[in-house]
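Data first, discussion second: the structure below is written as structure tokens.
The values are calculated or read from the model by the stated rules, or taken from the named source; none is laboratory data. From a predicted model like this one, the values you see are computed outputs, not experimental measurements. All Cβ positions, glycine included, derive from the backbone under ideal geometry; neighbour counts span all protein chains shown.
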Amino acid sequence: MTTPDEVLARAEALRNRLPSSFRDEIVQSLYAEAEQIARRAVKTPENRQYDLDQRIDRLVTAPVSGLLIMLLLLTVVIWLTVSGANVISDLLFTLLFGFGDWARALFVAWGVPWWITGFVWDGVYRSLAWVVSVMLPPMAIFFPAFTLLEDLGYLPRVAFNLDWLFKKAGAHGKQSLTMMMGFGCNAAGVIATRVIDSPRERLVAILTNNFVPCNGRFPTLIMLATVFVAAGFGGAAASLIAASAVVAVVLIGVAFTFLMSWVLSKTVLRGEASAFTLELPPYRRPNVLRILYTSLIDRTIFVLWRAMLTAAPAGAVIWLLANISFGDGSLAIAIARWLDGFGRLLGLDGAILLAYIIAIPANEIVVPTMMMIYTNAGMMVEAPGSDSAIRSLLVDQQGWTLLTAINLMLFSLLHNPCGTTIITIFKETRSYKWAAMSVVITLGTAFIVTFLTATLARLAGWP
Amino acid sequence: MIFWIVLLAGCILWIVLPRIGVLAHYRTWRAARERERLEDALKHLLNREHLGRHATPESLGGALNLSRTAVMRLIEQMEEQGLLETRGMELHLTAEGERWALHVVRAHRLWERYLADEARMPLAQVHAEAQRREHALTADQLDELEAAMGYPRRDPHGDPIPSRAGILPDAEGTPLTAWPLDIPGRIVHLEDEPAIAYEQILAAGLHLGQTIRVLERTPQRLTLSDGENEYRLAPAVAANVNLAPLTEVEAARNHTIPLSDLPLRQTAEIVAIDDALQGFTRRRLLDLGLTPGAVVYPELQNAFADPRAYRVRGTLIALRQDQAARILVRPQSLN
């Protein structure tokens, strides 16, 4: 008879005599078995698809054509998103705000106290409607387009082409895909990091995703570039300069992504690159139903729902701040005045900082909140329709300079992730520490960079 | 006035409060530091005994960087706890002391394995990091860590990891300084102390599992070759590298080249994955079907020839060059 202890002791002794490669042999035998089954069950017909795949592969991974194809596709997707979204956005805006006005009128007719009407319709509902109408259309265009490229099998080739760059920053080539996703929405980009299978590189990708400007920030960047940077130029030159300014900001964001990835992988997340394995699937005919499902249900609705959850309370806070009197104005104005000194230090002002604090749920409502504070309105309002009206409000009344506009562009690019993204980072990493870290890194960078540009500009005698 | 009283009371509370106060924190920190010193002393004693020599108060003081009085106090304290006995000037571990020492060694080597394989920390930093972390885990937690990593037997330098029962096999192999000339051997152990010698070994490019030969041995230096590169080491450094004879399987690795050197569009068969590559990375490669015996075909490369994509078992898989260098293949003859 052997006792359990003897069996364990014997196992221990035998284990020490196993060759180190015994694990390899186990996997090898599994594969041998699988191969045998496959040989019996699978017939491979003469394959012409394979040759075609190879030819496409060589084209999209060649040095020049590969880069050109990638830039072209990315530009087309972003252009489609920005220009297409405008049309649908306007429609939704009219629809949702029309309903809001109607319901508000109903409340007034019923004699509901003004502060309930204001809180519900000017605060919570207005914020929700705003987020939905500016967030939904770009996502509903961007995500299907992106998913189409994914379904075709093209995206892994992008990671393959760009991996050398990410390797230098201690990151994973697939981070290029999560960055592209970040153009659509950073929260979706953070979710997309699930494709990176090594935990270290995945964290790098999560923490730096926010340096890529999302759909919610593009309109702000475009507005600032057109109204301020390109001001004083006419016609074609103006749009060229505005476009270059936006591209430059995007490039700065990409540069910060690499810089921060490199810093992270040298400090907090130090370690060597772990397994870089990337499957390049065969090219497939896209499956339209699946594309629509993943892009609209899994991505768009999912992100929109989270955004709405954070936008509703923010709407309430924004409305309260604008409608509680304090001193000679509203509470919002008092806080903006209090923040003004720090804001000026960064080349911004107090109203801008306050707008970024209370509009944290979504970047889309930052500008309306800013306009609300500037015009002393009781609710979020749209920026004036024409360039000259914006200039007269911001430059003549609020003392904006070119420096303010440029620093606002930089701040918009580098500042902390929106509430939706922070929640997503927490859900993905299951850690308050990393969620807080993502805020500290980005906000710290934003403060330092804007402070430096402001100080340098002032030293150079620029207003 | 009231404000200042409240502030003062708050400060005092903040200092003396049990468990969360500053004093309490300081006490926990002191206790942890003392435990670390004790465990380091135990490790030193075990190490000495393993080398067949016994530790003395001087060697202990030198290893822990302690003054003579501090060492004597430490020894007294350890004797009281029944961890060691003094015989003349020699220090001997008791059974209890040895059990504890083995626990620390086990913690240290499991941590090293984990840091190197799963956290992918550079090999030169692994020892120092494990040194910091080895004091914090209980025996049960170590068991969990060991099971999660699939019961590794050696640390990344080739030192055996003691089992929970406390069995510590000897380090394998013969030092390079005693290895016969021109006979190929496999590196089975790299001594990680002193750190300066270890860094030189790593900087030279030697790693565990590599097959090398000694070409020339002079009192000033040893010249080694792995068939491709030549390495030069000072004898004092070379004594920290142990070789073992090749097994049959390893002998069959002759005439292999790293996958990274295989020309584009030439078929080859995988012979082995480098032993130095363990943990997550190795599992990943095996899972993707890059097993010994599989046929690979480098089909595609990007603009910088890194990464390249290989056709394996019908799928196309991209690997970085430094990883492909860890896979040994035998090119199939062109026909």
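Structural remarks
- Test result for B:Glu228, of a type in the set (Asp, Glu), free of Cβ contacts under 8 Å to residues at least 60 places away in the same chain and either assigned by TED's automatic domain parsing to the domain that holds B:Gly185 or on the phi < 0 side of the Ramachandran plot (or both): yes
- Listed by first and then second residue, the pairs with beta-carbon distance under 8 Å, at least 6 apart or on different chains, first residue in region A:96-112 and under 20 Å from A:Val131 (Cβ atoms), second among the acidic types (Asp, Glu) and part of a helix (DSSP H, G or I), are A:Arg104/A:Asp122.
- Checking each residue in region A:278-298 for being closer than 30 Å to B:Val126 by Cβ and surrounded by fewer than 20 Cβ atoms within 10 Å (Cβ to Cβ) picks out no residue at all.
- In this structure, A:Ala225 does satisfy being surrounded by 20 or more Cβ atoms within 10 Å (Cβ to Cβ) and either over 19 Å from the mean Cα position of the chain (by Cα) or of a type in the set (Ser, Thr, Tyr) (or both).
- Listing of helices (runs of 4 or more DSSP H) fully contained in region A:1-64 that carry 3 or more residues being modelled with pLDDT of 90 or more and within 11 Å of another protein chain (Cβ to nearest Cβ): A:22-41
- Looking only at region A:252-288, and only at residues there that are at pLDDT below 90 and in a helix (DSSP H, G or I), the one that is farthest from A:Ile441 (Cα to Cα): A:Val288
- Of the candidates B:Glu146, B:Glu199, the single residue that is within 13 Å of chain A (Cβ to nearest Cβ) and among the acidic types (Asp, Glu) is B:Glu146.
- Test: residue in region A:78-90 that is more than 30 Å from A:Asp122 (Cβ to Cβ) and exposed (fewer than 10 other Cβ atoms within 10 Å of the Cβ): no
- A single entry from B:Leu277, B:Leu290, B:Leu224, B:Leu206 fulfils the requirement of being of a type outside the set (Ser, Thr, Tyr), part of a loop (DSSP other than H, G, I, E, B), surrounded by 15 or more Cβ atoms within 10 Å (Cβ to Cβ) and more than 14 Å from chain A (Cβ to nearest Cβ): B:Leu206.
- Failed item, numbered, when B:Ile20 is tested on (1) within 17 Å of B:Met89 (Cα to Cα); (2) not in a helix (DSSP H, G or I): (1)
- Residue in region B:246-270 that is modelled with the lowest pLDDT, counting only those that are more than 11 Å from chain A (Cβ to nearest Cβ) and not in a loop (DSSP other than H, G, I, E, B): B:Ala251
- Residue within region A:228-235 that is within 14 Å of chain B (Cβ to nearest Cβ), aliphatic (A, V, I, L, M) and not in a helix (DSSP H, G or I) present: no
- Within region A:199-222, being farther than 24 Å from A:Gly444 by Cβ and surrounded by fewer than 21 Cβ atoms within 10 Å (Cβ to Cβ) holds for A:Pro219, A:Ile222.
- Residue within region B:182-196 that is more than 17 Å from B:Ala107 (Cβ to Cβ), out of contact with any strand residue (DSSP E or B) (no Cβ under 9 Å at 6 or more places or on another chain) and among the hydrophobic types (A, V, I, L, M, F, W, C) present: yes
- Complete set of residues in region B:47-68 that are closer than 17 Å to B:Ala101 by Cα and aliphatic (A, V, I, L, M): B:Leu51, B:Ala55, B:Leu60, B:Ala63, B:Leu64
- With respect to (1) within 14 Å of another protein chain (Cβ to nearest Cβ); (2) modelled with pLDDT of 90 or more; (3) under 17 Å from A:Phe143 (Cβ atoms), the lone exception for A:Val190 is condition (1).
- Applying the criterion of at least 1 residues that are basic (Lys, Arg) and more than 12 Å from B:Ile270 (Cα to Cα) to the strands (runs of 3 or more DSSP E) found wholly in region B:294-335 leaves B:308-312.
- Residue list for region A:50-77, filter: loosely packed, with under 11 Cβ neighbours inside 10 Å and either of a type in the set (Ser, Thr, Tyr) or more than 22 Å from A:Phe142 (Cα to Cα) (or both): A:Asp51, A:Arg55, A:Val64
- Within region B:300-333, being of a type in the set (Phe, Trp, Tyr) and closer than 22 Å to A:Asp24 by Cβ holds for one residue alone: B:Tyr310.
- Scanning region B:117-136 for residues that are surrounded by 18 or more Cβ atoms within 10 Å (Cβ to Cβ) and touching a His at 6+ places or on another chain (Cβ under 9 Å) yields B:Leu123, B:Val126, B:His127, B:Ala130, B:Glu134.
- With respect to the conditions (1) at pLDDT 90 or above; (2) within 30 Å of A:Thr369 (Cβ to Cβ); (3) over 18 Å from the mean Cα position of the chain (by Cα), A:Tyr154 lacks only one, and its number is (2).
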